[in-house]
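The structure appears below as structure tokens.
Every number here is computed from the coordinates shown, using simple stated rules; none is lab data. On a predicted model such as this, the values are computed, not experimentally measured, just so you know. Every residue, glycine as well, gets a Cβ built from its backbone with ideal geometry; the counts of neighbours run over all protein chains shown.
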Amino acid sequence: MSVATKQLAKIINGKVCLTTMALTEALNISQQTLSFWMSQGCPKEARGWWSIRDVLTWKGLLTPGGRLKTDEKAEEISLNQKKLAAEAKLKEQKAEEAEFKNAIARGEYTPKEEITAELKRFFVVIKRSMLGYSRRIATELSSYVDSITARRIEKMVTELTLDALEQLSIDGVYKAPPRKKAKN
């Protein structure tokens with residue numbers, strides 16, 4: 001059967017339907033585009049047959065009554081769709097905000113100021129404790145070594161403690177200062 005004698009249109013379920021080839025030519029689209037539309041939900045009457053009215057309505061080019069939309073009406077609809085999408089996004093954001101406020105009210109989040117104050121207090125306690133143990137170690141060792149050695153040990157532990165505290169207090173990577181070699 002030649003293309004000239006092949007049927008390009010027929011009535012199916014009371015609707016004027018075109019073949020795939022006729023529809024792609026009428027709408028000036030490729031068969032790949034039509035396949036993509038089909039995957040997106042474009043209505044199809046039968047295998048290889050498309051209701052021209054249903055396709056145009058699905059694309060938003062016809063009113064539900066079957067009239068062609070003017071460019072102004074089509075643009076108005078796309079603006080309405082944009083407005084609906086923006087309103088939906090706004091509602092989602094408001095719901096997220098409300099959920100966050102509820103989580104704060106339930107005590108699932110702690111205010112930054114409260115955490116900062118607690119950490120400052122904690123580090124002051126650590127600093128005092130760490131600087132105090134060098135004296136305690138020297139006192140304990142004084143019964144086993146002479147007083148000069150005990151003071152030397154106290155100084156070394158104090159320096160190591162100050163280095164450790166400095167490491168905790170800076171941003172980035174800590175580089176220890178070069179140590180002086182102890183005289184024997």
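Numerical summary
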item	result
Which of Ile148, Ile115, Ile153 has the fewest Cβ neighbours within 10 Å, and the rest in rising order	Ile148, Ile115, Ile153
Simple spin-label estimate for Ser35 and Leu131 in nanometres, 7 Å along Cα-Cβ	7.7
Net lengthening on full extension, Lys120/Glu25 (0.36 nm per residue, minus Cα-Cα)	26.7 nm
Which of Gly132, Ala98, Ser142, positive extreme of dipole for region 95-143 (C-beta unit charges)	Ser142
Among the listed pairs Lys44/Lys91; Lys59/Lys82; Lys15/Lys59; Lys91/Lys112; Lys44/Lys83, those beyond 25 Å (Cα-Cα)	Lys44/Lys91; Lys91/Lys112; Lys44/Lys83
